[in-house]
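Trainee: Quick one: this structure, given as structure tokens, is what I'll be asking you about.
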Amino acid sequence: EDELEPDLLAVQINSIDHSVRTKMNWKKRAQKDNAKLEDGEIATMFATSDYGILMQDSFKISTTMCSLMGIEVPHISLMTREDKEAGQGSISVRKHTMRDFIGLENVSSEEKKNLMSFSYYLTVGNMDEAYRAVKNIE
């Protein structure tokens, strides 16, 4: 939860398919296929009294290499782990820019507020208010 956006939540959703995990080594398969196994997801949601909880956006992650730390608009902070087999084993923090802020990361607080209003109204399906919010962005 962002202190300045109390209606916005970020959650990490992990797969619980243990039968697949016990039948194969995921890390070796990812290296073999030269691909990242994305077995989790980060979702942002609006929690409101009028509409309940509504998903705003989501993106896939590899839960063996990435975990949600928190959210502060316009970024979602993720803890990432380097591949231990590569000799790194280090942990770092990576900021993922929220979908509606891509290319607009350094906006003023007023513009940030208008972008969040736009995102909220778009999520709840109120296109008139979404248009008014985005119209205020300079």
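Trainee: Taking H placed 1.01 Å from N in the peptide plane, check which residues at least 5 places from Thr63 or on another chain put their amide H under 5 Å from its amide H.
Mentor: So Thr63 has HN proximity to Asp39, Gly40.
Trainee: Right, something else. Could you put Arg132, Arg81 in order of accessible surface area, largest first, with the 1.4 Å probe and the full protein assembly present? Don't skip to the end; give the middle numbers.
Mentor: Numbers: Arg132 120, Arg81 95 Å².
Accessible-area ranking of Arg132, Arg81, largest first: Arg132, Arg81.
The values are calculated or read from the model by the stated rules, or taken from the named source; none is laboratory data. Note that the structure is a prediction, hence the values are computed from the model and not measured. Protein only, heavy atoms only, side chains kept; ligands, DNA and RNA dropped before computing areas. Shrake-Rupley method; radii C 1.70, N 1.55, O 1.52, S 1.80 Å.
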